[in-house]
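In what follows, a structure is listed as structure tokens, so that the remarks can point back to it.
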Amino acid sequence: MSPLLLADLTVFTLALLVGFEVISKVPATLHTPLMSGANAIHGVVIVGVMLLAATASTTAGYALLAIAAFFAAMNVAGGYVVTDRMLAMFRSRS
Amino acid sequence: MSAFDTTVHLIYLACAVGFVVGLHLMNTPATARRGNRISAGGMAVAIVVTAVVLGHDGGVTAGALVALASGAAAGGVAGTIAARRVRMTAMPQLVSLFNAVGGGAAALIALGDRPGGTSAAVAGVLDVLIGAVTFSGSLVASGKLAGKIAGRPIVVPLGRPVTALLAAAAAGLAVLIVGFDAPAGALYGLAVCALAAGVLLTLPIGGADMPVVISLLNAFTGTAVAMAGFVLGSTPLIIAGGLVGAAGAILTKLMADAMNRPIGAIVAGGYGTGDAVTVAAGAGSAAVRETTADDVALQLAYAERVVIVPGYGLAAAQAQHEAAALTEALAGRGVAVSYAIHPVAGRMPGHMNVLLAEANTPYEMLRDLDEGNADLARADVALVIGANDVTNPAARRAGNAVSGMPILDVDKARSVIVIKRSLGHGYAGIDNELYTDPRTAMLFADAKAGLTAILAALHAYA
């Protein structure tokens, strides 16, 4: 196993553990915005799609890139906007 | 490592910290919105930095740039419009749709970037497999939630053997890709198998299990994105994927526990037809006590503590605004009102809370299962609107369809009013013993009409 892979595995495992710790403290009241907010965070896949652009050089590659970019951008933009819209509705008594 | 690379990595690290802090701030409604914005800020920085990296490294052809920019612009606009327009009742299908495209994008990364080396090939195979299953599975789930595909469990002829065949084919292809450096076509073949399996796995799952399924698919997408991170060697993807995987896993567990159903049985499907038999009001119900809107209004007006138990029937009738108006009227008379909300009260985790928040219900009134039960034990009146199985005291006994399911202890309140159109069954398909409890009075009405009548009576007499 290469040192690079080991480092990646370490990061992944720790991210999972941090995720469990942080998210188990979110109250049930906010579970829907939590899910859509987490959804928006996996929209970071757009960074991966951008990195993919450096290797695309064929027509098929461009088509795949465009579809992936469409999907990822929809995920990240829509996810954050809809989460913000929901959270704006949670108002205090005062 | 050059100074440029170091800077880029440090900025990515800061973005990841933004995601974690953002999720952390979701621990109270007061800070949650700020949290989401911090997370979005981290995301924006990650995107800008990646653009700078592409420019710095060069090698992006004009064609690739056009494909990337046009795809991203169209997707961004489509996502934003959908997010702005969606009705809160339609939230589960939209979240499922966003989940689908995220999984799809993750799978396409491994298809586009042919992973070299054994460990990257393993990550690539997992990415395509999980990403493609999530893509098609979430689309089917979204269609079911939107009513475009029947919500009842759809039995596909030979579904199980075909799924098993697909799994075997996928395993074979995976071995070829990882062990024998198979040509690019193998990875596409794997994607096709996974897409078909995603459809076959989701179709048989019934409406009642949807909160679990969309949580599970959310966990899958997180994992797929992390795998894409392994393929590309991109830390932000690995971290974000891990965080989302954990979120999805926790919500899946919470939802499955709230229904007292093992996750394996849910994935096997077949439960919760959503087409429960409707029994005519009064038929064979000698022990049921019926009440009127006027009586309910008086009872509520002179109570000290009222707990409202909303179920999906409330949202289906679009009655959350009437419920909020009643709450306000009661609070104005000095009645303490709260909402006891079961985890599976809506179509996705926490859905009912969003619907009530939309109707301007202050979040201090929204109680989860444990807090709700503490309130119910002290309540003068429990007002059940459109909730059924989650209030059935039979759950405390062994040997029936709801045995062991955590319920709201509505029968612990001093008196109970149930607004319901009929004595029809819930997903579990059994009688609710709450309805024949001597302290329970039934108001047979649609949630919206019933609440409107109570509100009118409250203003007229009380």
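Values in this text are rule-based calculations from the coordinates and carry no lab data. Bear in mind the structure is a predicted one, so any value in this text is a computation, not a measurement. Note that each Cβ is placed from the backbone with ideal geometry, even for glycine, and that neighbours are counted across all protein chains shown.
Key figures
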read-out	value
Normalised per residue, the volume of the convex hull around the Cα set of segment B:293-461 (Å³)	98
Area projected by the alpha carbon convex hull of chain B, averaged over all directions, nm²	24.5
Gap separating the Cα centres of segment B:134-161 and segment B:288-317, nearest whole Å	36
Distant-in-sequence amide H partners of B:Ile308 (H built 1.01 Å from N, under 5 Å)	B:Ser338, B:Tyr339, B:Ala340, B:Leu383
Chain B: antiparallel DSSP beta bridges as a percent of all, rounded to 5	0
Gyration tensor verdict on segment B:1-85 (Cα atoms; rounded if a/c is under 1.5, prolate if a/b is larger than b/c, oblate otherwise)	oblate
In order through segment B:242-248: 3J(HN,Hα) via Karplus (6.51 cos²θ - 1.76 cosθ + 1.60), integer Hz, x for Gly, Pro	x, 4, 5, x, 5, 4, x
Ranked A:His31, B:His459, B:His9, B:His351, criterion: other C-beta atoms within 10 Å, fewest first	B:His459, B:His9, B:His351, A:His31
For B:Arg37, A:Arg91, order by how many other beta-carbon atoms lie within 10 Å, fewest first	A:Arg91, B:Arg37
Gyration tensor (alpha-carbon) shape descriptor, chain A, a/c threshold 1.5	oblate
Shape of the protein assembly as shown, Cα gyration tensor, a/c cut at 1.5	prolate
Given charges at Cβ of Lys, Arg, Asp, Glu: chain B dipole, positive-most of B:Leu173, B:Ser415, B:Ala240	B:Leu173
Exposure proxy ranking, count of Cβ atoms within 10 Å, fewest first, for B:Lys144, B:Lys420, B:Lys448, B:Lys412	B:Lys412, B:Lys448, B:Lys420, B:Lys144
